[in-house]
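Below is one structure; the comments refer to it alone.
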Amino acid sequence: MSEQPVDVVLHLREKGNELFTSGQYTHAAETYSSALKQCEGATDTALPLYKNRAACYLKLERYEDAVADATAALKISPDDVKSLFRRSQALEQLGKPEDAYKDIKFLLHIDPKNKAAAAACRRLMIALSTKADVHSTTDGKVTEALKQLLEVGQSQQQRVKAAKMLAVLAQEEAGAEYIFRIDGVSKFLPLLSGDDGELALPLLLTLAHLCDGHKSRASAVLSQVTSETLSSLLASVGESTGLNN
């Protein structure tokens, strides 16, 4: 950059800092954006601007944008402590504790005495442990529901109850992912070939939950369901609910 743009960038950066300090986070972010337009590829000059704008986005709860700016800063300086910390904060807010933990662990490797990072690390470890417990509990419930559904000798009432439980568990991502991972669909699909609408309805809901919001899983699930099975299933559900009348 020429000398004049450098002066402009520094002026905008200082103005952005003042706005941030006064709590005017939107205006501060806009000012940092204006400064970035003047950088013309000068990475050393852009680094603090990305970091500072990421801080604005955190305050504004624009977490995806905060991750993007922190990542841009880390491409310039992979060991930048503030960028690692801010990206970790944003990732945690986005419900990605595993990724947030990776950033914090790397930060603590660089700066072992960072108290804020150490506190965040402890919090994330607890979150990950809790998440693991939830998955463990959900996995067990899915396994038991499938067992009750498929085991020879179960009464009709027990099968329907198990199918309904499976549909409930499939509403949560942890349950849906575990059902898919253990190939639960292929296990209960044979039950859909009959005319038992009372059993078919909750299993149809289970399939719907598995497909909802997850394109690759939906594609894999639907590839297992033949048109004949689907037609039979819908007919059974229609008879069970009186929709065919």
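Of all the numbered requirements in (1) open to solvent by 80 Å² or more (accessible area, probe 1.4 Å); (2) within 27 Å of L192 (Cβ to Cβ); (3) within 20 Å of the chain's Cα centre (by Cα), D139 misses one, and that requirement is (1).
Is it the case that V185 is open to solvent by less than 50 Å² (accessible area, probe 1.4 Å), assigned to a helix (DSSP H, G or I), of a type in the set (V, I, T) and modelled with pLDDT of 85 or more?
Values: open to solvent by less than 50 Å² (accessible area, probe 1.4 Å): yes; assigned to a helix (DSSP H, G or I): yes; of a type in the set (V, I, T): yes; modelled with pLDDT of 85 or more: yes.
In short, yes.
T43 meets the conditions (1) modelled with pLDDT under 95; (2) surrounded by 19 or more Cβ atoms within 10 Å (Cβ to Cβ) in every case but one. The failed one is (2).
Screening the candidates K113, K147, K131 for the property of being modelled with pLDDT of 85 or more and part of a helix (DSSP H, G or I) yields one hit, K147. Restricting the first member to the range 147-160 and to residues that are open to solvent by less than 70 Å² (accessible area, probe 1.4 Å), and the second to residues that are part of a helix (DSSP H, G or I) and of a type in the set (F, W, Y), the beta-carbon pairs closer than 8 Å and six or more apart or on different chains are L149/F188; L150/F188.
Answer yes or no: is there a residue in the range 28-39 that is of a type in the set (G, A, S), open to solvent by 40 Å² or more (accessible area, probe 1.4 Å), farther than 30 Å from M125 by Cβ and part of a helix (DSSP H, G or I).
The answer is yes; a qualifying residue exists.
Residue pairs whose Cβ atoms lie under 8 Å apart, sitting 6 or more positions apart in sequence or on different chains, and linking a residue in the range 36-57 that is on the phi > 0 side of the Ramachandran plot to a partner that is open to solvent by less than 40 Å² (accessible area, probe 1.4 Å) and not in a loop (DSSP other than H, G, I, E, B), are E40/P5. Only one of the numbered conditions (1) over 20 Å from E151 (Cβ atoms); (2) polar (S, T, N, Q); (3) at pLDDT below 85 is not met by S219, and that is (3). Is at least one residue of the range 187-210 within 23 Å of A132 (Cα to Cα) and within 17 Å of the chain's Cα centre (by Cα)? Within the range 187-210, one or more residues are within 23 Å of A132 (Cα to Cα) and within 17 Å of the chain's Cα centre (by Cα).
The values are calculated or read from the model by the stated rules, or taken from the named source; none is laboratory data. Every value quoted in this text rests on a predicted model; they were computed, and no experiment measured them. Note that each Cβ is placed from the backbone with ideal geometry, even for glycine, and that neighbours are counted across all protein chains shown. Only protein heavy atoms, including side chains, enter the accessible area calculation; ligands, DNA and RNA are left aside. Shrake-Rupley method; radii C 1.70, N 1.55, O 1.52, S 1.80 Å.
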